[in-house]
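The values are calculated or read from the model by the stated rules, or taken from the named source; none is laboratory data. None of the values given here were measured: they were computed from a predicted structure. Using ideal geometry, Cβ is built from the backbone for each residue, glycine included, and neighbour counts are taken over all protein chains shown. When the accessible area is computed, the model is the full protein with side chains, heavy atoms only, and any ligands, DNA or RNA have been set aside. Shrake-Rupley method; radii C 1.70, N 1.55, O 1.52, S 1.80 Å.
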Amino acid sequence: MAPTRARAPRRRRADETSAGGLVIRTEDGVFAGALIGRLDRRGRLRWSLPKGHVEAGETTEEAAVREVAEETGISGRITARLGSVEYTFTVEGRRIHKRVHHFLMEAVAGELSDADIEVTEVAWVPMDQMTVRLAYAGERRLAERAAQLLADSA
């Protein structure tokens, strides 16, 4: 008789939707975007676009504007859709599939601030340095798209 093997518990799966974006300002004719830095599990500072969960009753656009303001201190006005990034991760035995909708925004008010508890640092980063600073490939592609949209509108 063959020994029985214990089955691994089946992981639960959940879908999540978030929204955020790249809020831009112009200083001396140079475009710069607000990025947030968070510490990863290894204590490394990883730069990314501000984003967060879409709350009940909120559109992705409303969530993006709210999350950017909460995480950077900057109020923005959406000027274009940049696209979405999808990824999967596991938390406490649950497999999460996340889709994040990103928008290009123009800064309209506020001061850059890292007051949000989830944010370690914030910085205005010139557009030509975005792809070097951003930690994630999907967000680097969105920053390249934003740079093209800005160049086309100039």
**OP:** Working only within segment 58-73, note down all residues that are within 12 Å of Leu35 (Cα to Cα), surrounded by 23 or more Cβ atoms within 10 Å (Cβ to Cβ) and not hydroxyl-bearing (Ser, Thr, Tyr).
**Re:** Val68, Glu71
**OP:** Among the residues of segment 96-117, write down those that are buried (at least 18 other Cβ atoms within 10 Å of the Cβ) and within 14 Å of the chain's Cα centre (by Cα).
**Re:** Val100, His101, His102, Phe103, Leu104, Met105
**OP:** For segment 54-83, enumerate the residues that are outside any strand (DSSP E or B) and either in contact with a helix residue (DSSP H, G or I) (Cβ under 8 Å, 6 or more places away or on another chain) or of a type in the set (Val, Ile, Thr) (or both).
**Re:** Val54, Glu55, Glu58, Thr59, Thr60, Val65, Val68, Thr72
**OP:** Go through the residues of segment 11-25 one by one and say whether even a single one is touching a His at 6+ places or on another chain (Cβ under 6 Å) and at pLDDT below 95.
**Re:** yes
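What do you reckon, is Arg77 open to solvent by 90 Å² or more (accessible area, probe 1.4 Å), under 25 Å from Ala154 (Cβ atoms), in contact with a strand residue (DSSP E or B) (Cβ under 8 Å, 6 or more places away or on another chain) and of a type outside the set (Asp, Glu)? If you could, list the steps in order and put the result at the bottom.
Values: open to solvent by 90 Å² or more (accessible area, probe 1.4 Å): yes; under 25 Å from Ala154 (Cβ atoms): yes; in contact with a strand residue (DSSP E or B) (Cβ under 8 Å, 6 or more places away or on another chain): yes; of a type outside the set (Asp, Glu): yes.
Here the answer is yes, as Arg77 does meet what is asked.
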Subject >> Residue in segment 85-95 that is in a strand (DSSP E or B) and either open to solvent by less than 20 Å² (accessible area, probe 1.4 Å) or in contact with a Ser or Thr (Cβ under 7 Å, 6 or more places away or on another chain) (or both) present >> reply: yes
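Which count do you get for residues in segment 28-61 that are of a type in the set (D, E, K, R) and either in contact (Cβ under 8 Å) with a residue 12 or more places away in the chain or in contact with a Lys or Arg (Cβ under 7 Å, 6 or more places away or on another chain) (or both)?
Let us first name the residues in segment 28-61 that are of a type in the set (D, E, K, R), namely 28, 38, 40-42, 44, 46, 51, 55, 58, 61.
Right, trim to either in contact (Cβ under 8 Å) with a residue 12 or more places away in the chain or in contact with a Lys or Arg (Cβ under 7 Å, 6 or more places away or on another chain) (or both) and you get 38, 40, 46, 51, 61.
Here the count works out to 5.
Counting only residues that are within 24 Å of Thr88 (Cα to Cα), assigned to a helix (DSSP H, G or I) and open to solvent by 50 Å² or more (accessible area, probe 1.4 Å), how many does segment 118-132 have?
So the first thing to find is which residues in segment 118-132 are within 24 Å of Thr88 (Cα to Cα), and the list is 118-120, 130-132.
Right, trim to assigned to a helix (DSSP H, G or I) and you get 130-132.
With the extra rule that they be open to solvent by 50 Å² or more (accessible area, probe 1.4 Å), the set shrinks to 131-132.
Count: 2.
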Original post:
Taking the condition in contact with a strand residue (DSSP E or B) (Cβ under 9 Å, 6 or more places away or on another chain) and hydroxyl-bearing (Ser, Thr, Tyr), does Thr131 pass?
Top reply: no
Subject >> Search result, residues across segment 34-53 that are of a type in the set (A, V, I, L, M, F, W, C) and in a strand (DSSP E or B) >> reply: Ala34, Leu35, Ile36, Leu39, Leu45, Trp47
**OP:** Please enumerate the residues belonging to segment 52-74 that are of a type in the set (Ser, Thr, Tyr) and more than 18 Å from Val85 (Cα to Cα).
**Re:** Thr72
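Give me the residue from segment 133-154 that is in contact with a helix residue (DSSP H, G or I) (Cβ under 8 Å, 6 or more places away or on another chain) and assigned to a helix (DSSP H, G or I) and, out of that set, farthest from Gly29 (Cα to Cα). Can you show your working first?
Restricting attention to segment 133-154, the residues satisfying the condition of being in contact with a helix residue (DSSP H, G or I) (Cβ under 8 Å, 6 or more places away or on another chain) are 134, 140, 143-144, 146-147, 150.
Among the residues that remain, those that are also assigned to a helix (DSSP H, G or I) are: 140, 143-144, 146-147, 150.
Details: Arg140: 22, Ala143: 18, Glu144: 18, Ala146: 16, Ala147: 14, Leu150: 12 Å.
Here the residue is Arg140.
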